[in-house]
Amino acid sequence: MKISTKGRYGLRVMIELAIRYGQRPVMMDTIFSCVGVSRKYLYTLLTVLKNAGMVRAVRGAGGGFSLARAPEKITVLEIVEALEGKLMAVACVSEEDGQECERIGQCAAREVWQELAAQVRKVLVNIKLDELAERQQSNHPQPLMFHI
């Protein structure tokens, strides 16, 4: 199973928003400078996250983006699955796809893939966005910014 750039960069975007949670909305240029993707790709990520109910967009002066919920209530699993779709190692693990497999009831390999998917989900559901924001700040503190 491989997480695409969409999932990786989307998680970075969410971490940046979590770091600034409770402050005024974050302008797209600020997110752009922190995450390091093109503005077009960033807009795509923010749109997906907004449609998933995790990000809120505020228009006008003082506008930007913010988390729609508190970071301690958002799991990494939610973020990744909003961007990537349901995580699974192979297609036959999916209930829909598994029904098409003629060996579904007798395949020991499928059981391995199901267990792998369950373990990955278990890890990601237990990591909250606020934890990642704290890690980010302790690993790479933001420089002080003075505004005049």
Tally Lys/Arg at +1 and Asp/Glu at -1 over every other residue whose Cβ is under 9 Å from the Cβ of ALA52; what's the total?
-> -1
Expressed in nanometres to one decimal, the distance between label points 7 Å along Cα→Cβ at ARG59 and GLN23 is 2.6 nm
17 Å Cα cut-off, lysine pairs counted over the chain (separation 8 or more, or different chains) | 10
Work through the residues other than PRO25 whose Cβ is under 14 Å from its Cβ and net out their charges, Lys, Arg +1 and Asp, Glu -1.
-> +3
Farthest positive-ward along the chain dipole, Cα basis, beta-carbon charges - from PHE32, ILE74, THR5 | PHE32
Select from ARG59, ARG24, ARG135 the residue whose mean-square fluctuation is largest in a Gaussian network model of the chain (Cα-Cα springs shorter than 10 Å).
-> ARG59
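Every read-out reported here was derived from the displayed coordinates using simple, explicitly stated rules and does not represent laboratory data. All values reported here derive from a predicted model rather than from experimental measurement. As a convention, Cβ positions derive from the backbone with ideal geometry for all residues, glycine included, and neighbour counts pool all protein chains shown.
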